[in-house]
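Input: a single structure, listed below in structure tokens.
The values are calculated or read from the model by the stated rules, or taken from the named source; none is laboratory data. All figures in this text were calculated on a predicted structure; none of them were measured in a lab. Neighbour counts are summed over all protein chains in view; Cβ atoms, including those assigned to glycine, are modelled from backbone coordinates with ideal geometry.
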């Protein structure tokens with residue numbers, strides 16, 4: 001089909017009808033995820049083999065291969081979904097492909113060993129729509145990711161894409177669009193949670209020409225990757241949202257500021273923008289409505305602070321990305337001092353949904369003050385990691401257990417960090433006594449903007465990092481301060497010097513040189529930094545320290561008073577020791593970089609305490625949990641006890657057969 | 001590096017092409033510098049002068065941008081770029097141990113390059129593949145769920161690619 005400019009909404013509908021007709025009933029589609037996560041798992045080799053095998057089997061005309069964006073569970077990659085049955089294969093290797101072609105594509109049988117197995121119950125689920133990880137979610141934004149080839153505008157249009165735009169351009173007035181967004185209750189997904197409709201209205205009502213709309217795709221929060229997945233997997237939804245927004249605000253120029261670290265997102269977005277232009281969905285006289293709008297893509301330079309609106313705009317102008325004081329809001333004077341409306345990727349992607357299905361439908365999802373869904377990047381020590389999209393207000397427990405599948409490796413949950421470096425840490429004891437002592441647990445906290453702020457964290461862009469008993473909360477706080485210290489632009493003193501000084505104190509504590517008065521000092525400094533910093537990087541920088549002090553104060557005290565790191569993370573306070581659980585497998589000897597481990601195979605091993613550099617390599621490789629991280633100086637005592645208690649394994653009972 | 005004959009000329013040509021690609025728009029300064037960084041794996045001093053001249057910007061402005069953003073390096077980088085993700089998710093899954101392992105094996109700290117110009121080690125805030133942490137990006141290849149043993153395998157693969165490259169060169 002030759003690309004033709006769509007001159008009217010009717011032309012768009014015709015094209016859609018044409019495309020859906022061409023999709024035959026029951027057509028076989030094999031969709032393979034080629035998002036960054038699956039690329040890291042080697043999906044390219046799988047795709048090459050798949051193409052070759054399908055050609056060899058002569059199925060080219062019957063089976064369509066679709067290279068898609070990320071459906072969410074990155075760790076199971078490479079992922080493959082076979083439609084129309086929705087058979088879902090995980091961890092597909094190139095050598096599995098001929099079996100898939102032979103059994104599934106030719107005969108409709110399922111290859112059992114490639115099917116997802118629930119890590120807790122052991123039950124196998126062959127179909128995408130049966131896997132609890134998916135069924136417990138509400139996937140309005142990312143649900144289409146494995147149905148769409150992001151480089152094909154046809155896929156998006158066939159699924160109803162750009163219908164919302166057609167509706168907004170022909171059936172609604174700009175004020176009507178803003179009213180609809182206001183009514184929907186949509187709030188900014190970048191972190192602040194500012195009502196989107198209100199922002200649009202102020203930008204529209206400000207005098208000035210030209211006006212700009214900007215998409216913030218500088219997803220700098222470490223641990224969050226929903227914006228990357230949306231841009232990689234469904235870029236047209238973001239573009240459509242931006243066009244609708246521009247129409248409402250009265251802007252003709254749009255910018256997308258993409259992180260330098262996301263080459264694939266930039267590439268797919270670039271292809272999408274070019275295609276939209278070709279079809280007359282960007283450029284002059286969009287869909288024959290007389291409205292002009294175009295989008296330029298700008299690459300970031302790798303500075304965290306550029307996620308802040310004023311810094312981002314400075315960077316877009318080609319300058320150093322330093323924020324400025326916001327006495328005058330960017331909706332009045334932003335990019336080149338013109339009225340500028342900046343929203344995050346996920347916010348823009350919500351807009352077409354609201355316009356198409358209506359504000360009333362949207363406002364039914366979520367809680368009173370937080371509407372719609374939120375995509376979280378669930379990572380860390382849960383069984384099922386990846387992107388999860390849930391309605392606002394869902395209890396944290398459901399995310400961690402029903403979707404996340406509980407904690408990994410039989411350990412215990414300890415904390416969940418949300419909101420990235422500006423956010424805070426929640427405590428999640430699972431009732432078995434997680435060592436926090438007190439009874440505070442946020443497991444049943446409804447997750448939305450206001451509840452997270454109330455308990456000292458924040459929504460942020462949606463990173464949700466789960467930690468188990470192996471995580472040290474002082475170390476986590478130190479990690480974030482170290483991050484922020486490096487990323488502070490240095491313009492204002494409280495942030496530049498304050499964070500550095502707080503980090504010095506935390507470093508001291510993790511070395512076992514902390515003083516009891518340090519805790520008060522940290523709290524006082526936090527308040528000063530919050531009150532006096534120029535932008536939100538500094539203004540929220542102490543949050544990780546304050547929230548860990550609030551919920552894990554005893555861990556700080558253990559470091560300061562007992563010179564002990566309860567989790568065994570802070571290497572200056574830890575000794576590694578081998579206990580009687582050792583079966584003499586010798587793996588630790590091979591992994592040790594400083595030849596500090598002695599022992600013959602099948603004998604008890606021991607770590608020469610004086611030569612150990614506390615790198616943790618042995619702890620990582622030991623399959624028996626025999627390597628323990630104990631208080632500094634107590635390693636030898638543990639090993640002496642092990643020498644007494646240890647028994648050789650040769651006479652071990654033969655495995656009981658079921 | 002600037003002593004290589006013809007290097008100045010090469011820089012001049014490349015800078016002219018890159019600046020031309022963005023029509024010398026001052027707003028494109030960051031992207032111009034990124035493209036130069038990609039071509040040379042760093043920003044040669046000469047290139048900064050040329051960018052300033054061709055884009056009609058003060059050198060101070062070019063220099064401030066070149067030193068502000070993490071994406072840029074004023075020092076030459078090694079042939080292999082090993083970049084460890086130290087995002088939060090990677091951190092809680094042991095990214096620090098991977099960094100320390102690479103520091104020991106390559107005998108350099110993050111931000112440094114081996115004296116033979118073979119390897120550069122860097123850390124990055126987040127690569128956005130958090131579910132696969134700890135993650136390493138080496139020569140545009142992602143390596144997920146890294147352990148110390150995987151680092152050995154990865155380094156072997158990188159040095160093997162060198163040998164193949166050399167063999168192919170000799171054969172040609």
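Which of the residues that make up the range B:126-135 are at the interface with chain A (Cβ under 8 Å from one of its Cβ atoms) and either in contact (Cβ under 8 Å) with a residue 60 or more places away in the chain or assigned to a loop (DSSP other than H, G, I, E, B) (or both)? Don't jump to the end; show me each part of the working.
The initial filter retains those residues of the range B:126-135 that are at the interface with chain A (Cβ under 8 Å from one of its Cβ atoms), namely B:126-133, B:135.
Result: B:126, B:127, B:128, B:129, B:133, B:135.
For the range A:609-629, what are the residues that are farther than 16 Å from residue A:598 by Cα and surrounded by fewer than 19 Cβ atoms within 10 Å (Cβ to Cβ)?
A:620, A:623, A:624, A:625
Given the residues A:20, A:2, which is the only one that is at pLDDT below 90, assigned to a helix (DSSP H, G or I) and more than 23 Å from residue A:225 (Cβ to Cβ)?
A:20
Which of (1) touching a strand residue (DSSP E or B) at 6+ places or on another chain (Cβ under 8 Å); (2) within 11 Å of another protein chain (Cβ to nearest Cβ) is the odd one out, the single condition residue B:120 does not satisfy?
For residue B:120, the failing item is (2).
Taking the conditions exactly as written (over 30 Å from residue B:36 (Cβ atoms) and not in a loop (DSSP other than H, G, I, E, B)), does residue A:312 satisfy them or not?
No.
Give A:445, A:378, A:387 a once-over and let me know the one that is modelled with pLDDT of 90 or more and either farther than 20 Å from residue A:190 by Cβ or surrounded by fewer than 24 Cβ atoms within 10 Å (Cβ to Cβ) (or both). Let's see the steps before the verdict.
Working: A:378 fails: either farther than 20 Å from residue A:190 by Cβ or surrounded by fewer than 24 Cβ atoms within 10 Å (Cβ to Cβ) (or both); A:387 fails: either farther than 20 Å from residue A:190 by Cβ or surrounded by fewer than 24 Cβ atoms within 10 Å (Cβ to Cβ) (or both).
Testing whether each residue is modelled with pLDDT of 90 or more and either farther than 20 Å from residue A:190 by Cβ or surrounded by fewer than 24 Cβ atoms within 10 Å (Cβ to Cβ) (or both) leaves just A:445.
Looking at A:456, A:460, which is the one that is under 29 Å from residue A:367 (Cβ atoms), within 12 Å of another protein chain (Cβ to nearest Cβ) and not in a strand (DSSP E or B)?
Being under 29 Å from residue A:367 (Cβ atoms), within 12 Å of another protein chain (Cβ to nearest Cβ) and not in a strand (DSSP E or B) holds for just one of A:456, A:460, which is A:460.
Please determine whether any residue of the range B:136-147 is touching a residue at least 24 places away in the same chain (Cβ under 8 Å), buried (at least 24 other Cβ atoms within 10 Å of the Cβ), part of a helix (DSSP H, G or I) and at the interface with chain A (Cβ under 10 Å from one of its Cβ atoms).
Within the range B:136-147 (the criterion being touching a residue at least 24 places away in the same chain (Cβ under 8 Å), buried (at least 24 other Cβ atoms within 10 Å of the Cβ), part of a helix (DSSP H, G or I) and at the interface with chain A (Cβ under 10 Å from one of its Cβ atoms)), the answer is no, since none of the residues qualifies.
Of everything in the range A:293-307 that's part of a loop (DSSP other than H, G, I, E, B) and in contact with a helix residue (DSSP H, G or I) (Cβ under 6 Å, 6 or more places away or on another chain), which residue is farthest from the other protein chains (Cβ to nearest Cβ)?
Top of the filtered list is A:300.
Within the range A:587-603, take every residue that is in contact with a strand residue (DSSP E or B) (Cβ under 8 Å, 6 or more places away or on another chain) and not in a loop (DSSP other than H, G, I, E, B) and give me the one that is nearest to residue A:647 (Cα to Cα).
Taking the candidates together, the pick is A:598.
Just to verify a result, which residue in the range A:135-156, among those that are crowded, with 23+ Cβ neighbours inside 10 Å and part of a helix (DSSP H, G or I), is farthest from the chain's Cα centre (by Cα)? Step through it out loud before you land on a result.
To start, the set of residues in the range A:135-156 that are crowded, with 23+ Cβ neighbours inside 10 Å comprises A:137, A:141-142, A:145-146, A:148, A:150, A:153, A:156.
Still in the list and also part of a helix (DSSP H, G or I): A:153, A:156.
Values: A:153: 25, A:156: 23 Å.
Filtering first and then ranking leaves A:153.
Determine whether the range B:43-65 contains at least one residue that is away from chain A (no Cβ under 12 Å), surrounded by fewer than 19 Cβ atoms within 10 Å (Cβ to Cβ) and under 30 Å from residue A:473 (Cβ atoms).
Taking every residue of the range B:43-65 in turn, none turns out to be away from chain A (no Cβ under 12 Å), surrounded by fewer than 19 Cβ atoms within 10 Å (Cβ to Cβ) and under 30 Å from residue A:473 (Cβ atoms).
Assigned to a helix (DSSP H, G or I), touching a helix residue (DSSP H, G or I) at 6+ places or on another chain (Cβ under 6 Å) and closer than 29 Å to residue A:309 by Cβ: is that true of residue A:509 in this structure?
No.
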